Amino acid sequence: MNTKKNLWLVIGSFLVMVFSANTMVGQTFNVNSGASSLKVEGTSNIHDWELSAKELQGSIKVQMEDGQLVKLDQLQFAVVAESLKSGKGGMDKNTYKALDTDKHRRITYELSSVKNLDCTSKTSCKVTTNGVLTIAGTQKNVELIFDAKVAGDKITLSGDKKIKMTDFKVDPPTAMFGTITTGDEVNIKFQTVFTK
């Protein structure tokens, strides 16, 4: 009698484990470059300026439970440096020179750890992360905070990050024989769409 009871307990426990494992699913999403946007906003001694990235790459690996984001396992993101465009050829050329794009073709961010994942609803979370940002070959550990929104087979990450170019050994670009100088600090604004 006891053996039969124990057998049912084992079977019951196994079914609970299987069911629980099925509700939490690891999924990988890739950047949808056409639906995403990334802008670099800066200042100069004459006027503010902006660069828009035309080519984005990357992927995100998450754990989902009943359609809600519960864990962020991996995040890799890259901007093709020469896809940054201002609409002014001269400025673009100076930007590529400052970023040394002949040697360093991509600006990358790679997640190191998640410090906090705070979901205010089933579809919306605020995420605080640490990761490695690489610009012009120089790597820096940075804290990046962003909003994550889940909608079916789509995850959208949005936020912004202020950085100093000189922290990455990048000399702020100049133009017109040095009469136009750009500020050291820039703000990177992003809305990145990842799809299956």
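Output yes when any residue across segment 137-146 is crowded, with 19+ Cβ neighbours inside 10 Å and either modelled with pLDDT under 95 or in contact with a Cys (Cβ under 7 Å, 6 or more places away or on another chain) (or both), and no when none is. For segment 137-146, residues crowded, with 19+ Cβ neighbours inside 10 Å and either modelled with pLDDT under 95 or in contact with a Cys (Cβ under 7 Å, 6 or more places away or on another chain) (or both): absent.
Considering segment 126-177 alone, what residues qualify as being within 19 Å of residue 81 (Cα to Cα) and among the basic types (Lys, Arg)? 140, 161, 162, 164, 169, listed by residue number. Of all residues in segment 158-178, those that are more than 30 Å from residue 125 (Cβ to Cβ) have Cβ atoms under 6 Å from Cβ atoms of residues that are at pLDDT 85 or above and assigned to a loop (DSSP other than H, G, I, E, B), 6 or more apart or on another chain, in 165/172; 165/184; 166/184; 170/136; 172/184.
For segment 67-91, a residue qualifies if it is within 16 Å of residue 148 (Cβ to Cβ) and either open to solvent by 60 Å² or more (accessible area, probe 1.4 Å) or free of Cβ contacts under 8 Å to residues at least 40 places away in the same chain (or both), and the qualifying residues are 71, 74, 76.
Of all residues in segment 121-130, those satisfying the criterion of being under 21 Å from residue 73 (Cβ atoms) and outside any strand (DSSP E or B) are 122, 123.
One line per residue, one yes/no per condition, for (1) of a type in the set (Phe, Trp, Tyr); (2) open to solvent by less than 30 Å² (accessible area, probe 1.4 Å):
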{"position": "150", "(1), (2)": "no, yes"}
{"position": "154", "(1), (2)": "no, no"}
{"position": "168", "(1), (2)": "yes, yes"}
{"position": "181", "(1), (2)": "no, no"}
{"position": "184", "(1), (2)": "no, no"}
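Of all residues in segment 181-196, exactly one satisfies the criterion of being modelled with pLDDT of 95 or more and in contact with a helix residue (DSSP H, G or I) (Cβ under 6 Å, 6 or more places away or on another chain), namely 193.
Of 62, 25, 31, 40, all but one fail to be modelled with pLDDT of 70 or more, open to solvent by less than 80 Å² (accessible area, probe 1.4 Å) and within 30 Å of residue 180 (Cβ to Cβ); the exception is 40. Applying the set (1) more than 16 Å from residue 43 (Cα to Cα); (2) of a type outside the set (Asp, Glu); (3) at pLDDT 95 or above to residue 177 leaves exactly one unmet item: (3).
The values are calculated or read from the model by the stated rules, or taken from the named source; none is laboratory data. All values derive from a computational prediction rather than experimental measurement. A quick note on method: Cβ atoms are made from the backbone with ideal geometry, for glycine too, and the neighbour counts reach across all protein chains shown. Calculation scope for accessible area: heavy atoms of the full protein, side chains included, ligands and nucleic acids excluded. Shrake-Rupley method; radii C 1.70, N 1.55, O 1.52, S 1.80 Å.
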